[in-house]
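Trainee: Mind looking over this structure? Questions follow.
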Amino acid sequence: MIENLPAGTDHNAGRLKIGPDGKLYFTMGDLGHNQFANYAKPITAQVLPTAAEIQACNWVNYTGKTLRLNLDGSIPSDNPSLNGVVSHVYTVGHRNPQGLDFSSRGVLYSSEQGPNSDDEINVLQSGRNYGWPNVVGYQDNQSYVYGNWSAAPDVAKLKWEPYIIPASVPQTRETDFSAPNLTDALMSFWVVPNSHNFTDTPIENTNLYRPTPALSSLEVYESSGIPGWKTSLLVTSLKYGAVYRVPVMPSGASTRGEALKILPTDNRYRDTAVSSDGRTIYVITDSAGQMLGQQNTRVTEMANPGAILAFTYQGR
């Protein structure tokens, strides 16, 4: 269908879903740029493809986007025109969107991993901009500024740190950013105040104690099989060994902050499936890794590595 898409060592995203319109939707991450070993590489989630690039089948600026493709790989004629160019790009401004699903009404939901806070659930709409790397979660100036390491004149001499931004690295607040069709997240996991101390954690596993659950998939639950669950999102967590159930309105609206932690075990949860009667939730686990166990301590030996777990509702 399409080849030579950009890829990297981190944040490839890669969730696929065929929509009710018969088009293929495909998430692409920012390739982990601006952090860790990739700290000197720029994030291009806000960079739009040019007409010349599309003509040459050069997809270099598809990173940090949701794509929408015809099933032969061509560009749908009704894709959004962004900066005067119609491409495979459907939405822009994403970090690492690993979850994607449609409701029966055609609402397209996505889950996305944030940096140190603000994993997101979004409702994806044609041509909308979801803010990354300038905005995470809500545009509220809470616990995040964009430090653009790649733009520092002395970037080659800098050592990347997760919480300390050197003076030579350009910084912007969330409200400094504006863009056509900039869209808030439907929900953030979780907003913390600027006073939050990200370093006040055990040294050996600082990343596990950041207020992000590492959302890894998303599924719309619309069955009546489990009372009270109809019209919910089931979102898996790699970090906390749980599924989060998020009630939503049929229109896609949600109450901010409402996420119910369910089905906890000491595993890294990767994806879900639901039985035809809606009474059993299947959860697939990673074969290895680390997570924050149910006793709030670091776990490196998963309880059920590389398994499919079945949780069946036993009520009437």
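Trainee: According to the Kirkwood expression over distinct Cα-Cα pairs, how big is the hydrodynamic radius of the stretch 88-172, in Å?
Mentor: One over the average 1/r among Cα pairs gives 14.6 Å for the stretch 88-172.
Trainee: What base-10 log of the normalised intensity I(q)/I(0) is obtained for the chain from the Debye formula, alpha carbons as equal point scatterers, at q = 0.10, 0.14 Å⁻¹?
Mentor: With one equal scatterer per Cα and no solvent, log10 I(q)/I(0) is -0.57, -1.14.
Trainee: Is there a quick way to get the dipole size of the chain? I mean about its Cα centre, with the Cβ of Lys and Arg at +1 and of Asp and Glu at -1; what is the value in debye to the nearest 20? Show your work: numbers first, answer last.
Mentor: Details: 23 positive and 28 negative charges, 75 e Å.
Using Cβ point charges on Lys, Arg, Asp and Glu, the chain gives about 360 debye.
Trainee: How far, in nm, would the chain grow between residue 223 and residue 7 when pulled straight, counting 0.36 nm per residue and subtracting the alpha carbon separation?
Mentor: 74.1 nm
Trainee: Kindly rank 122-130, 288-296 from highest to lowest mean number of other beta carbons found within 10 Å of each residue.
Mentor: Result, highest mean Cβ count within 10 Å first: 122-130, 288-296.
Trainee: Assuming a ≥ b ≥ c are the square roots of the Cα gyration tensor eigenvalues, decide whether the stretch 13-72 counts as rounded (a/c under 1.5), prolate (otherwise, with a/b larger than b/c) or oblate. Present the calculation step by step, with values, prior to reporting the outcome.
Mentor: Numbers: a/c = 3.24, a/b = 1.50, b/c = 2.16.
Oblate is the answer for the stretch 13-72, as a/c is 1.5 or above yet b/c matches or exceeds a/b.
Trainee: Normalised by the number of residues in the chain, what is the relative contact order in percent for Cα pairs under 8 Å and 6+ residues apart? Please list the in-between numbers first.
Mentor: Details: 785 pairs, mean separation 38.7, N = 316.
After rounding, I find 12 percent.
Trainee: Please work out how much length the chain gains when fully extended from residue 56 to residue 182, using 0.36 nm per residue of separation minus the C-alpha to C-alpha distance, in nm with one decimal.
Mentor: Details: separation 126, 0.36 × 126 = 45.36 nm, distance 2.87 nm.
Result: 42.5 nm gained on full extension.
Trainee: Along the positive direction of the dipole of the chain (beta-carbon charges: Lys, Arg +1; Asp, Glu -1; about the Cα centre), which of 77, 133, 113 reaches farthest?
Mentor: Projecting each Cα onto the dipole axis, the largest value belongs to 113.
Trainee: Taking only the alpha-carbon positions of the stretch 1-146 and ignoring solvent, what does the Debye formula give for the base-10 log of I(q)/I(0) at q = 0.14, 0.22 Å⁻¹?
Mentor: -0.62, -1.50
Trainee: I've got another one for you. Among all lysine pairs in the chain that are eight or more places apart or on different chains, how many have alpha carbons less than 24 angstrom apart? Walk me through the intermediate numbers first.
Mentor: Working: 17/65; 17/230; 23/65; 41/65; 41/157; 41/159; 230/261; 239/261.
Step by step, the pairs that qualify in the chain add up to 8.
Trainee: For a label point 7 Å from the Cα of residue 296 along Cα→C-beta, name the residues of the stretch 96-138 whose backbone N is under 15 Å from it.
Mentor: Counting only backbone N, you get no residues.
Trainee: Now for a different question. Rounded, prolate or oblate: which fits the stretch 228-313 when a ≥ b ≥ c are the square roots of the eigenvalues of the alpha-carbon gyration tensor, with rounded for a/c under 1.5 and prolate only if a/b beats b/c?
Mentor: Numbers: a/c = 2.60, a/b = 1.54, b/c = 1.69.
The shape class here is oblate.
Trainee: Another question, if that's okay. Could you work out how far apart the two model spin labels at residue 207 and residue 150 are, taking each label as a point 7 Å from the Cα in the direction of the beta carbon, and quote it in nm?
Mentor: Simple spin-label model gives 2.0 nm for this pair.
Trainee: Also, quick follow-up: What do you get when you divide the Cα radius of gyration of the stretch 127-264 by 2.2 N^0.38 Å, with N the number of residues? Don't skip to the end; give the middle numbers.
Mentor: On the way: Rg = 18.0 Å, N = 138, 2.2 N^0.38 = 14.3 Å.
Normalised Cα radius of gyration, the stretch 127-264: 1.26.
Trainee: Now for a separate question. Quick check on the stretch 277-316: what does the Kirkwood estimate of hydrodynamic radius come out to from the alpha carbon pairs, in Å? Present the calculation step by step, with values, prior to reporting the outcome.
Mentor: Values: mean 1/r = 0.0849 Å⁻¹.
Value: 11.8 Å, from the Cα pair sum.
Trainee: Here is a further query. For a protection proxy built on the mean count of beta-carbon atoms within 10 angstrom, sort 301-309, 59-67 highest first, please. Intermediate results must be reported in sequence, preceding the final value.
Mentor: On the way: 301-309: 14.0, 59-67: 23.2.
Highest mean packing first, the order is 59-67, 301-309.
Trainee: Mind giving me the FRET efficiency for residue 74 and residue 199? R0 is 51 Å, r the Cβ-Cβ distance, nearest 0.05 is fine.
Mentor: Working: r = 49 Å, r/R0 = 0.96.
Efficiency, from the Cβ-Cβ distance: 0.55.
Trainee: To continue, here is another question. What number, in percent, do you get for the relative contact order of the stretch 30-86 if the mean sequence gap of Cα pairs under 8 Å and at least 6 apart is divided by its residue count? Before the final figure, lay out each step's value.
Mentor: Details: 50 pairs, mean separation 15.9, N = 57.
It rounds to 28 percent for the stretch 30-86.
Trainee: Rounded to the nearest whole Å², what accessible area per residue is found for the stretch 63-132 with the 1.4 Å probe? Show your work: numbers first, answer last.
Mentor: Numbers: 1930 Å² over 70 residues.
I get 28 Å² per residue for this part.
Trainee: Let me ask something else about it. Evaluate the relative contact order of the stretch 1-112 (contact order divided by residue number), counting alpha-carbon pairs under 8 angstrom at least 6 apart; express in whole percent. Could you put the intermediate results ahead of the total?
Mentor: Values: 233 pairs, mean separation 31.7, N = 112.
It rounds to 28 percent for the stretch 1-112.
The values are calculated or read from the model by the stated rules, or taken from the named source; none is laboratory data. Keep in mind the model is a prediction, meaning the values are calculated, not measured. Quick reminder, even Gly has a Cβ in these numbers, built from the backbone with ideal geometry, and neighbours come from all protein chains shown. Note: areas computed on protein heavy atoms with side chains; ligands, DNA, RNA excluded. Shrake-Rupley method; radii C 1.70, N 1.55, O 1.52, S 1.80 Å.
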